[in-house]
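First up is the structure itself, then whatever we jot down about it.
Read-outs: derived from the displayed coordinates by stated rules, not from any lab. Predicted model, so just to flag it, every value in this text is computed and none were measured. Positions of Cβ are generated from backbone atoms using ideal geometry, with glycine treated the same way; all protein chains shown enter the neighbour counts.
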Amino acid sequence: MNKQEFLAQLRKGLSGLPQSDIEERLVFYSEMIDDQIEDGLTEEESILQIGSVDEIISQIIKDTPLTKIAKERIKPKRRLKVWEIILLILGSPIWLSLGIAMVAVILSLYISLWSVIISLWAVLGALIGCSFGGIITGIFFACNGNLLTGIAIIGAGIVLAGLSIFAFYGCRVITKGIVLLTKKLAVWIKNCFIKKEEA
């Protein structure tokens, strides 16, 4: 693949982004290729070093804020006719309420995911607090003559400390998974806004 083919594929893949962003990226990669050619590489070698176009497009989309993509996508390409404006106004009770409901559902799902994480970490905090409290209370009971009760409470505190270690690793794995899921969901939503042109 030569430089022109690379830049053409990049332009096509970024077609849903604002034109200024597309031009900025094209200039950046064009200069990068030119710099590597000056260093003695061929066009093909420098393009191979840069990476695949699909990976570059995915990374650019991931780094671009959703608001910027949505603003570019909903910007009218032409002026609306009078009858189109009237239809939009008359249909607004339907499309506006559906839009609000869709945003509410997505937001509630997002909040639910993060409330699960907060709850799990709260349980972990409770386990740690109970383990320390159990050990301290057991020592207090043992020192005041209730040796068997104190040993039982210290044992319960040690068990809770062990459970809190397992819970910590579980919370960490679940948190990483949900963070990864929300990132993938954000990229998927961005890709919905990016218009893929037919070849």
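Set the bar at 31 Å for Cα to Cα. Now go through Lys81/Lys183; Lys3/Lys62; Lys81/Lys184; Lys12/Lys176; Lys3/Lys176 and name every pair that lies beyond it. Flagged as over cut-off: Lys81/Lys183; Lys81/Lys184; Lys12/Lys176; Lys3/Lys176.
Phi angles of the stretch 110-121 translate, via the Karplus equation with coefficients 6.51, -1.76, 1.60 and θ = phi - 60°, into HN-Hα couplings of 4, 5, 4, 4, 6, 5, 4, 4, 4, 5, 4, 5 Hz per residue; Gly and Pro are given as x. Volume per residue for the stretch 102-193 equals 70 cubic angstrom (convex hull of Cα atoms). Amide H contacts of Gly16: Lys195, each under 5 Å away and 5 or more positions distant or on a separate chain (H built 1.01 Å from N in the peptide plane; Pro and chain starts excluded). Evaluate E = 1/(1 + (r/R0)^6) for Trp95 and Leu163, where r is the Cβ-Cβ distance and R0 equals 41 Å; express this FRET efficiency to the nearest 0.05. It comes to 0.20. As a calculated quantity, the FRET efficiency between Gln49 and Ala8 at R0 = 22 Å, using C-beta atoms, amounts to about 0.70.
Evaluated with a Cβ-only charge set (Lys, Arg +1; Asp, Glu -1), the chain carries a dipole of roughly 1380 debye about its Cα centre, given to the nearest 20. Charged neighbours of Gly177, selected by a Cβ distance under 15 Å, balance to +4 (K, R count +1; D, E count -1). On the basis of the beta-carbon distance and an R0 of 25 Å, Met32 and Lys183 show a calculated FRET efficiency of 0.45.
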